Amino acid sequence: MLGVDPGLAATGFAVLEGPSLDRLRVLAQGTVRTDSTLPVSRRIGLLFDRLDALLSEYPVKGIALEDHFSRRASPGAGLMLGPVVGIVALLADRHGVPLLPISPRELKHRITGTGAASKEAVQNALSVWLGAGLRIGSTHEGDAMGLAFLGYSRMVAP
């Protein structure tokens, strides 16, 4: 499962694999950063190329994507991310895998038990499932890790 926390300046990603939720392992994680001085079209192209290469290296069964379009408090945030969300949807189609949109509130609630949890609380809960040695380099990676975990749980749920 690939988890993607979309952003034009920084897109977090995490790839998880395993036979069951309690035996998942992290195959890849990171943050793709783009230079704000580049044209938007080039930044989108760089994100596309990196995520496409990731999907070619790690054939996943789905892509869990943070759904910013569900934010009532800041609807503009979702509109600014439209191109990034578009390339992730295109990559899901090209690689023949389902796209699983997950709202930030649902992510927090399903991982920690409360939709108002902090990012640190989410990361602490993930370390219980994925191991105390889990190292997360940025909040974008942490969100992507949570998305991949929740996406995986959706795919294997009865």
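The values are calculated or read from the model by the stated rules, or taken from the named source; none is laboratory data. Please read all numbers here as calculations on a predicted model, not as lab measurements. Note that we place each Cβ from the backbone using ideal geometry, even for glycine, and neighbour counts take in every protein chain shown.
Listed by first and then second residue, the pairs linking a residue in region 33-45 that is free of Cβ contacts under 8 Å to residues at least 60 places away in the same chain and surrounded by 11 or more Cβ atoms within 10 Å (Cβ to Cβ) to a residue that is among the β-branched types (V, I, T) and assigned to a loop (DSSP other than H, G, I, E, B), with Cβ atoms under 7 Å apart and 6 or more places separating them unless they lie on different chains, are R43/T34.
Considering only residues that are of a type in the set (A, V, I, L, M) and within 19 Å of A92 (Cβ to Cβ), look in region 146-158 and name the one that is surrounded by the fewest Cβ atoms within 10 Å (Cβ to Cβ).
Here is the first cut: in region 146-158, the residues of a type in the set (A, V, I, L, M) are 147-148, 150, 155-157.
Add one more test, that the residue is within 19 Å of A92 (Cβ to Cβ), and what stays is 147-148, 150, 155-156.
Working: L147: 30, A148: 32, L150: 22, M155: 15, V156: 13.
So the residue we want is V156.
Selection of first residues in region 101-129 that are touching a residue at least 40 places away in the same chain (Cβ under 8 Å) and under 23 Å from V84 (Cβ atoms) and of second residues that are of a type in the set (D, E) and part of a helix (DSSP H, G or I), restricted to Cβ pairs under 6 Å at least 6 apart or on distinct chains, gives an empty result.
Counting only residues that are in a loop (DSSP other than H, G, I, E, B) and small (G, A, S), which one in region 1-59 is nearest to V84 (Cα to Cα)? Give the derivation first.
Applying the first criterion (in a loop (DSSP other than H, G, I, E, B)) to region 1-59 yields 1, 6-9, 18-20, 24, 34-39, 58-59.
Narrowing the set further to residues that are small (G, A, S) leaves 7, 9, 18, 20, 36.
Numbers: G7: 7, A9: 10, G18: 28, S20: 30, S36: 14 Å.
The residue in question is G7.
Let's see how each residue does on (1) under 13 Å from the mean Cα position of the chain (by Cα); (2) in a loop (DSSP other than H, G, I, E, B); (3) at pLDDT 95 or above:
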position	(1), (2), (3)
A77	no, no, no
V88	yes, no, yes
L107	yes, no, no
A117	no, yes, no
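Kindly indicate whether A125 is more than 19 Å from G30 (Cβ to Cβ), buried (at least 18 other Cβ atoms within 10 Å of the Cβ) and at pLDDT below 90. Against the criterion (more than 19 Å from G30 (Cβ to Cβ), buried (at least 18 other Cβ atoms within 10 Å of the Cβ) and at pLDDT below 90), A125 qualifies.
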